[in-house]
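Below: one structure, written as C-alpha cells.
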Amino acid sequence: KSSKREWKPLEDHSCTDVPWLLLFILFCIGMGFICGFSIATGAAARLLSGYDSYGNICGQKNVKVEGIVNSGLDLTHKKYVFFLDPCNIDLVHQKIKSIALCVSACPRKELKTLADIQKFAETNGSTLCSYELQPSEYTTDPRATKLCPKYPVPESAPIPFFHRCAPVNISCYAKFAEALITFVSDSSVLHRLISGVMTSKEIIMGLCLLSLVLSMILMVIIRYISRVLVWILTILVILGSLGGTGVLWWLYAKQRISAGALETQIAKDNIQALLIYAIAATVFTVILFLIMLIMRKRVALTIALFHVAGKVFIHLPLLVFQPFWTFFVLILFWTYWIAVLLFLGTTGSPVPNEEGFVEFRMAGPLKYMWWYHVVGLIWISEFILACQQMTVAGAVVTYYFTREKRNLPFTPILASVNRLVCYHLGTVAKGSFIITLVKIPRMILMYIHTQLKGKENACARCMIKACICCLWCLEKCLTYLNQNAYTATAINSTNFCTSAKDAFVILVENALRVAAINTVGDFMLFLGKVLIVCSTGLAGIMLLNYQRDYTIWVLPLIIVCLFAFLVAHCFLSIYEMVVDVLFLCFAIDTKYNDGSPGREFYMDKVLMEFVENSRKSMKEAGRGGGAEGRELKPM
C-alpha cells in the first residue's frame with residue numbers, strides 16, 4: 001500500500017481533484033458570462049430604470065423599434081414607470097396586465113376624476129395619460145377613457161432603486177395575498193397582529209439575541225449534561241414501552257372478564273384486536289430491549305464523543321462562528337443570483353406582442369440560459385456548504401491528531417481554510433456536484449407533482465412521490481458520506497473517490513456505533529433545540545405579558561420561536577458535524593493504533609477510558625487477550 005492509504009494524518013498535503021476545480025472555475029465563468037450578457041444587452045438598465053409598454057427605457061433617449069408607435073422617445077425627464085391599472089394582476093403569468101408609461105412624478109395623493117388627473121399634470125408636469133394625449137385633452141377627448149389611468153388613481157410612491165410607482169395602499173393586491181386575506185378575513189385582526197409586532201420589536205430583538213446566547217452556552221455545557229440526557233431518554237423509552245404494553249394486556253384481560261357469557265360479535269372482534277395489539281407491543285418491547293442491550297456500550301461512546309466535542313469548542317472557539325460566515329456568504333450569492341435572474345427576465349430583443357406592445361424575448365439557444373443559472377444556484381450553494389464542512393473537518397482533525405494540544409496552530413480554523421483553498425477546492429467541487437446531480441431530478445419531479453395536483457391520474461402522482469422520497473433518501477445518504485469523505489481528505493490529502501471509499505469502509509466496520517451516534521446523538525441534539533425554543537418562548541411569554549399596548553402578541557411569539565429554532569439548528573448542526581468528524585478519527589485511531597510503543601493512541605482521555613473499559617469487558621468475557629490487554633498510554 002502507498003503511504004497515503006495507511007492513514008498517516010497531517011503528514012503531507014497535496015492538491016486533490018484538480019480537474020474538478022478547473023471544471024468548477026469554467027462553470028463560474030459561464031455564470032459570469034450570463035451576468036455580463038444580460039447587462040450588455042441593456043437588461044440592467046431596463047430592470048433598474050424601468051421601461052414602458054413601447055420599449056422605451058425611462059430617464060434616457062431611446063431608439064425607434066420598427067412597427068411600434070410611441071417608441072424611440074426622449075424620456076430624459078420622465079424617470080418613473082407608472083401603470084394605468086396597477087391592480088390588474090395576472091396571477092398565471094405573474095405580471096401586471098396594464099399599459100406602462102414613463103412619468104415625471106408619481107401621484108402622491110388619490111386622483112378621483114379626469115379633472116384631477118389633468119390638474120395633476122398641469123401642476124406637477126407629470127402626464128399620467130398616454131403620450132399622444134395632451135393634458136388639455138384629458139377631459140374633452142373621448143379616447144381618454146382608454147388612454148388614461150383607471151380612476152380613482154391610488155396614491156403611489158416610487159420603489160427605491162427601481163423607479164416604479166407602486167400604490168401605497170397594498171389592498172388592491174388582495175388577489176395576490178388571497179391566502180392571507182382568507183386566513184385573517186377580519187382586517188382588524190391583521191392590523192392588531194402587525195401593531196403587536198411593531199410595538200414589541202425591541203423585545204423580539206432581545207429574545208432573538210437570547211436564543212443566540214443560549215445556543216452558544218449549550219454548545220459548551222452539553223458535554224456535562226450528555227450523560228443525563230441519555231439516561232432521561234433511556235428511562236422514557238423503557239417506561240413508555242412497558243407502560244404501553246401493560247395497558248394493552250390490562251385492557252385485553254378486562255374485556256375478557258367483562259364479556260363473560262354475553263359474547264357478541266363486536267366484543268369478540270375487540271378482544272381479538274386487543275390481543276393482536278398486545279402481542280405486537282410485547283414483541284416490539286422485547287426487540288427494543290435487545291437493541292438497547294446491544295447498543296448500551298455504543299451509547300457510552302456517544303456520551304464520550306459529546307464530551308470531547310465540548311472540549312473541541314473550548315480549544316477552537318472560532319468554530320462557533322462558522323454558521324455566521326456561511327450564512328453571510330450564502331446571502332451574498334443568493335442576492336447576486338436573484339439580481340441576475342431579474343436581469344434575465346428583461347433580456348432579449350424587442351418583439352411586438354398580440355396587443356401591439358413591446359416584449360423582450362430571447363431567441364435560439366440563449367433562451368435556455370436560465371436553466372444554466374438554476375443549476376448554478378444549486379451547485380454553488382452546495383459548494384459553499386461543503387466548504388464549511390471541509391473547514392470544520394480540517395480544524396477538528398488537526399485538534400484530534402495533535403498529541404500536545406499546546407502545540408495547536410494559533411488559529412486552527414484559519415489554518416484549515418488555508419489548506420482548503422490551497423489543496424482541496426477540487427474535492428469540495430466534486431462532492432457538491434454529486435449532491436447537485438441528485439437535487440435537480442428531485443426538484444423536477446416535485447414540480448411535476450405539483451402540476452399533477454387535482455388531475456385524475458393518482459397512480460402517476462403516487463409513483464412520482466415515491467421517486468421523490470427515494471431521491472431524498474439518496475441525497476441524505478450521499479450528504480453524510482460526503483462529509484466523512486471530506487474528513488478523510490483532511491486527514492490523508494486523498495482525492496474524493498479514494499476518501500469516500502476509505503471512509504465508507506470505516507463506517508461499515510463500525511455500523512452499530514454509527515447507528516448509536518446517529519440515533520441517540522441526534523435525539524440529544526433535538527432535545528437541545530427543544531430546550532432553547534422552550535426557554536426563549538417562556539421568556540417571551542413573561543416579557544410580552546407585561547406589554548399593554550396591543551391586544552395580540554401571538555405573532556411576535558411565533559417569530560421569536562421560529563428564529564430560536566433556526567439559530568439552535570445552525571449551531572447544533574455544527575456540533576453534530578464535530579461529533580461525526582471525531583467519530584471517524586476515533587475509528588481510524590483504534591484501527592491502526594493499539595497503545596503499544598510506536599503506535600500510541602491520539603485520542604482524548606475520555607475516549608481512552610471508553611476503550612479501556614471496553615477491553616476489560618471483553619477480557620472478562622473471555623474474548624480478549626494478548627494485545628487486547630495492554631495498558632493504554634495516551635500521548
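Observations on the model:
- Rolling a 1.4 Å probe over the protein heavy atoms leaves C473 with an accessible area of roughly 60 Å².
- Of the listed residues Y277, Y51, the order by accessible area with a 1.4 Å probe, largest first, is Y277, Y51.
- Here the accessible area is traced with a 1.4 Å probe on the protein chains. For the stretch 190-618, carbon and sulfur cover 73 percent of it.
- Excluding ligands, DNA and RNA, the accessible surface per residue across the stretch 17-166 is 53 Å² with a 1.4 Å probe.
- Flagged links, alpha-carbon separation over 30 Å, of K405/K616; K311/K476; K405/K439: K405/K439
- Isotropically averaged projected area of the stretch 190-618, using the convex hull of Cα atoms (one quarter of hull area), nm²: 33.5
- For R164, the residues whose amide H sits under 5 Å from its own are V81, I159, ignoring neighbours fewer than 5 places away on the same chain, with H placed 1.01 Å from N.
- Backbone amide hydrogens, once placed in the peptide plane, bring T127 within less than 5 Å of S104, excluding anything fewer than 5 places away on its chain.
- Lysine pair count for the stretch 44-179 (Cα-Cα distance under 22 Å; residues 8 or more apart in sequence or on different chains): 29.
- Accessible area of W334 (1.4 Å probe, protein heavy atoms only, ligands and nucleic acids ignored): about 100 Å².
- Accessible area in the full protein assembly, largest first, 1.4 Å probe, for R256, R513: R256, R513
- Solvent-accessible area, 1.4 Å probe, carbon plus sulfur percent, for the stretch 44-179: 56
- With semi-axes defined as the square roots of five times the eigenvalues of the C-alpha gyration tensor, the equivalent ellipsoid of the stretch 363-521 measures 37, 22, 12 Å, largest first.
- Overall form of the stretch 458-530 per C-alpha gyration tensor (a/c, 1.5; a/b vs b/c): oblate
- For the stretch 553-594 versus the stretch 280-349, the gap between their alpha-carbon centres in whole angstrom: 5
- Calculated on alpha-carbon atoms, Rg and Dmax of the stretch 44-179 in Å: 14.6, 44
- Accessible area in the full protein assembly, largest first, 1.4 Å probe, for Y399, Y80: Y80, Y399
The values are calculated or read from the model by the stated rules, or taken from the named source; none is laboratory data. Given the structure is predicted, the values throughout are model-derived calculations rather than measurements. SASA here: full protein model, heavy atoms, side chains in, ligands and nucleic acids out. Shrake-Rupley method; radii C 1.70, N 1.55, O 1.52, S 1.80 Å.
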